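S.K.: Questions regarding the structure given below will be posed in turn.
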Amino acid sequence: MEFVMKCLGINEAGNLTIGGCDVKELAKQYKTPLYIMDESDVRKNCRTYVDAIDKYYDGNGLILYASKALSCKYMYKIAMEEGMGVDTVSGGEIYTALAAGFPAEKIYFHGNNKTYDEIEYAVKSNIGCFVVDNEDELDAIDEIAGKYKKTVKIMLRITPGVDAHTHDFIRTGQIDSKFGAALETGAADKLTEYALAKKNVELKGLHCHIGSQIFELAPFCETAEIMMNYIAKLDRKYGVVIEELNLGGGFGIKYTEKDTPIDYDKFIEAVSAVIKKSAADLGVKCPFILMEPGRSIVAPSGITVYTVGTVKKIPNVRTYVCVDGGMGDNPRYILYNSEYDAVLVEKPDAERFEKVTVAGKCCESGDIVIKDIFMPEVKKGDLIAVLATGAYNYSMASNYNRIPRPPVIMAKDGKSKIAVKRETYEDIIANDMI
Ligand SMILES: *Cc1c(COP(=O)(O)O)cnc(C)c1O
């Protein structure tokens, strides 16, 4: 039996396993709904990227874990132990990383609208680098850096004109983006000039990010070439040497059989070759490179386990399998109509013959986990595992309907531990002051 995730198995009892643990036993121990991550698999994903930088780019780079995919102290610990930096997008993510003991100098701070307080917090914490989005942000960073008598390292977020959010990629367009400064409009030049005029910032690099869930090498190669040309242009035009090039994240993973991911190291192999060739052709130095995988580090290593509460058959219309979670722990269907695969924990390889819709328990008709999936017969009390939920599930979870968020369990070598505990009703009212 082949699952969409490589780290799952079936044990002698016929139950689904992850990280050497019986998922039914974990559900009994920790209750449902429940997020479970295969820790070794997460670490393997980290190493694939880290090793690829060594293999294809002489170690002249750093992999940043895009922590918005799954942010909790233990994930920052894993990233640290695997020799990565992290990419953060808020004061809260920076706080979590620092609380986990993450080295500040390896924290990169993203975002199109960092608040004054967040910038001040990041400057005071001596984080490694700001990925600057716009002139207003530059003003604030320069002012705050001056106030603390510091020089802050920055990169500029450039929109390279390659949009790869879908299977195809588009070469122009993407000027309509809330992120970064476009090359085509001259906004990138303006932002660069603005940065060069600031006293308390040091322009170290350029950043770009072309989309997410991308299955092709070509858009990354195209982008690398565009960015290298721009680095050469900045050298000619302003005499500025760009030392770092950050090519973002967005590497695709397998959610359902339709998805066709490629090995992660292939991305680094491909862009390394482009960058080396461009550098030689243009007569500029090979920059230190950064890549920011998020989804591909954690999504394929995580599942969510639910208990079925009721099965509602509406003849000739639809069969709803209602589970004890939903949009609160996985808002991706309601946000993007995302597709997932799921199996029964006690019969993961049973034949699938019935089309059902897995729905949540929230007061919202759009509260669906999976629309139209073929499943074996599902009954009240069955455990369902939704697959490849390791990214953008816990990190996007909410307390809608005042439902406590599920715990995040790390499974490894047949043992399990709690990375994040289940919220309680007391947690739910903790901030209600009157
Ligand atoms: C979201 C994001 C990433 C990570 O994207 P994935 O698709 O999760 O790999 C990396 N960099 C930036 C700037 C992002 O916004």
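S.K.: Which one of P407, T304, C322 has its Cα pushed farthest toward the positive end of the charge dipole of region 298-434, where Lys and Arg give +1 and Asp and Glu give -1 at the Cβ?
M.R.: Farthest towards the positive end: C322.
S.K.: What ³J(HN,Hα) values, in whole Hz, does the Karplus curve 6.51 cos²θ - 1.76 cosθ + 1.60 give for region 108-117 when θ = phi - 60°, with x put for Gly and Pro?
M.R.: 9, 10, 9, x, 8, 8, 5, 7, 4, 5
S.K.: In region 318-381, which GluC sites (Glu not before Pro) are in a loop and have at most 11 other Cβ atoms within 10 Å, using DSSP for the loop call?
M.R.: E351
S.K.: Once the dipole of the chain is set up with Lys and Arg at +1 and Asp and Glu at -1 on Cβ about the Cα centre, which of G366, S90, I10 lies farthest towards its positive end?
M.R.: I10
S.K.: Roughly how big is region 1-149's charge dipole about its Cα centre, with Cβ charges of +1 (Lys, Arg) and -1 (Asp, Glu), in debye to the nearest 20?
M.R.: Result for region 1-149 is approximately 640 debye, rounded to the nearest 20.
S.K.: Further question on the same structure: Cross-link partners among aspartates and glutamates for K421, C-alpha distance below 20 Å, same-chain residues fewer than 8 apart left out?
M.R.: Result set, ordered by chain and number: D22, E25, D38, E39, E93, D324, D329.
S.K.: Grab the eigenvalues of the alpha-carbon gyration tensor for region 302-341, scale each by 5, take roots, and send me the semi-axes largest first in whole angstrom.
M.R.: 20, 14, 9
S.K.: Sticking with this one: Might you report the magnitude of the Cβ-based charge dipole of the chain about its Cα centre, with Lys and Arg at +1 and Asp and Glu at -1, to the nearest 20 debye?
M.R.: The dipole magnitude comes to about 620 debye.
S.K.: When the C-alpha atoms of region 28-75 are aligned to their principal axes, what extent does each axis show, in angstrom, from largest down?
M.R.: Per principal axis, max minus min of the Cα coordinates gives 47, 19, 13 Å.
S.K.: Translational D (Stokes-Einstein, µm²/s) of region 331-384 at 37 °C and 0.692 mPa s when Rh comes from the Kirkwood sum over C-alpha pairs?
M.R.: 276 µm²/s
S.K.: Please work out the Cα center distance from region 356-406 to region 298-337, rounded to the nearest Å.
M.R.: Using only Cα atoms to place each centre, the spacing works out to 3 Å.
S.K.: I need the per residue convex hull volume for region 37-190, using only the alpha carbons, in cubic angstrom as a whole number.
M.R.: It comes to 140 Å³ per residue, whole-number rounded.
S.K.: Evaluate Rg over Rh across the chain, taking Cα atoms for both radii and Kirkwood's formula for Rh.
M.R.: Looking at the chain, the ratio lands at 1.00.
S.K.: With +1 assigned to the C-beta of every Lys and Arg and -1 to the C-beta of every Asp and Glu, and no other charges, what is the dipole magnitude of region 308-434 about the Cα centre in debye, to the nearest 20?
M.R.: The dipole of region 308-434 has a size of about 100 debye.
S.K.: How big is the C-alpha Rg of region 383-434 next to the rule-of-thumb value 2.2 N^0.38 Å, as a ratio?
M.R.: Scaled against compact globular proteins, the figure is 1.38.
S.K.: Ok, one more. Identify, among L64, G186, G239, the residue whose Cα sits farthest towards the positive end of the charge dipole of the chain, taking +1 on the Cβ of Lys and Arg and -1 on the Cβ of Asp and Glu, with the dipole about the Cα centre.
M.R.: Positive-end residue among those listed: L64.
S.K.: How compact is region 68-137 by the rule of thumb for globular proteins, expressed as Cα Rg over 2.2 N^0.38 Å?
M.R.: 1.03
S.K.: Quantify how much of the Cα-Cα distance distribution of region 182-306 extends past 22 Å, in percent.
M.R.: 43 percent
S.K.: Here's something else I'd like to know. Once you have the Cα-Cα distance between D136 and K266, take 0.36 nm times their residue separation minus that, and quote the gain in nm to one decimal.
M.R.: In short, 43.1 nm is gained.
S.K.: On to the next question. In Å and on Cα atoms, what radius of gyration and Dmax does region 246-314 show?
M.R.: Cα radius of gyration and Dmax of region 246-314 are 19.6, 68 Å respectively.
S.K.: A further question on this structure: Students often get this wrong, so check it: of K68/K106; K198/K276; K44/K254; K106/K147, which have C-alpha atoms separated by over 19 Å?
M.R.: Cα-Cα > 19 Å for K198/K276; K106/K147; rest within.
S.K.: Of K258, K266, K355, which has the largest mean-square fluctuation in a 10 Å C-alpha GNM of the chain?
M.R.: The residue that fluctuates most here is K258.
S.K.: Restricting to DSSP H runs of at least four residues, report the calculated mean residue ellipticity at 222 nm for the chain, -39500 (n - 2.57) per run over all residues, nearest 500 deg cm²/dmol.
M.R.: -9000 deg cm²/dmol
Every number here is computed from the coordinates shown, using simple stated rules; none is lab data. Treat the numbers as computed from the prediction; the structure is a model and nothing was measured. We place every Cβ from the backbone using ideal geometry, glycine too, and count neighbours over all the protein chains shown.
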